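The values are calculated or read from the model by the stated rules, or taken from the named source; none is laboratory data. What you are looking at is a predicted structure, and each value in this text was computed from that prediction instead of being measured. Glycine gets a Cβ as well: all are built from the backbone with ideal geometry, and neighbour counts include every protein chain shown.
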Amino acid sequence: MKIPRLLAACSTALLLAACETVSTTAPGAVGVDRTQTMLVSEAEVEQGATQAYAEELGKAKQQGQLNADPAQTERVRTIAGRLIRQTPVFRPDAAKWDWNINVQKSDQINAYCMPGGKIMVYSALIDKLKLNDAELATVIGHEMAHALREHSREAASRMRAEQGLGALAQIAGVDAGVVGLAGTVTQLTFDLPHSRVQESEADRIGLELMARAGYDPHAALTLWQKMGQANQGGTPAFLSTHPSDSSRLATLQSLLPRVLPLYEAAPRN
């Protein structure tokens, strides 16, 4: 074996040895039980999210866009609060997160939840789609599910793995064939299942959260129908990062029998 290839093999082995296989959440009634491979610590990601969210809040405040409508902000915080109270079903530590919920005045149809519970809802999501409380709970629950499952940490881990392999190739002089194989394995392991699997998980967990919080899970169907209609006039920002799957509505419909009993037993406040 040539020295560069030996170095590549050894370094790749060290990279793989640094991986941590975790189960970030309990499966819940919706059965999300996939294990995840992490190269980045939870603390690192949360620290980065705290800084990024503070910067976003600062910009929005400076532009007069942060929580400009007190009634709308209170509505979002009330819905999010009911959802947050259900998060220990999936991970008990989420109850101790420093949750932060805000609304940004914007023409973009969008919302997000950064790691550690940093939520932002854009006003156009509510106003343009004319969302009722249950539909809004669908969106917020979906975004919260990404944070509960640490999907950003997974993505950061994927990036670190790719950067490590790239740097290794440059330093060791590995030929293009070896680099191409490593890139293909990385893509198959992380990239291709990443968007499909993570979006499905967020749909499932979000659906259960809203049901347990007392929001009619049927609203998940009308929400995604409204998103599809909005997409006809140009892709909303929300859908640019949350690709619509043709089977999404069918999957949600199939999960209703699992979550409707939770909704029926849930408090309505």
**OP:** Name the single residue, out of those in the stretch 247-269 being part of a loop (DSSP other than H, G, I, E, B) and small (Gly, Ala, Ser), that is nearest to Val89 (Cα to Cα).
**Re:** Ala266
**OP:** Quickly run through the stretch 93-108 and pick out the residues that are over 18 Å from the mean Cα position of the chain (by Cα) and part of a helix (DSSP H, G or I).
**Re:** Lys96
Original post:
Given the structure, is Ile84 more than 24 Å from Gly31 (Cβ to Cβ) and modelled with pLDDT of 95 or more?
Top reply: no
**OP:** Filter the stretch 192-250 down to residues that are hydrophobic (A, V, I, L, M, F, W, C) and modelled with pLDDT under 90 and give me whichever is farthest from Lys128 (Cα to Cα).
**Re:** Leu192
Original post:
What residue, of Ile119, Ile109, is touching a Leu at 6+ places or on another chain (Cβ under 6 Å) and farther than 16 Å from Ile205 by Cα?
Top reply: Ile109
Subject >> Hits in the stretch 105-119 (condition: at pLDDT below 95, under 17 Å from Ala68 (Cα atoms) and surrounded by 21 or more Cβ atoms within 10 Å (Cβ to Cβ)) >> reply: Ile109, Asn110, Ala111
**OP:** Would you be able to tell me the number of residues in the stretch 52-66 that are over 23 Å from the mean Cα position of the chain (by Cα) and surrounded by 12 or more Cβ atoms within 10 Å (Cβ to Cβ)?
**Re:** 3
**OP:** Would you check if there is a residue in the stretch 80-103 being hydroxyl-bearing (Ser, Thr, Tyr) and surrounded by fewer than 22 Cβ atoms within 10 Å (Cβ to Cβ)?
**Re:** no
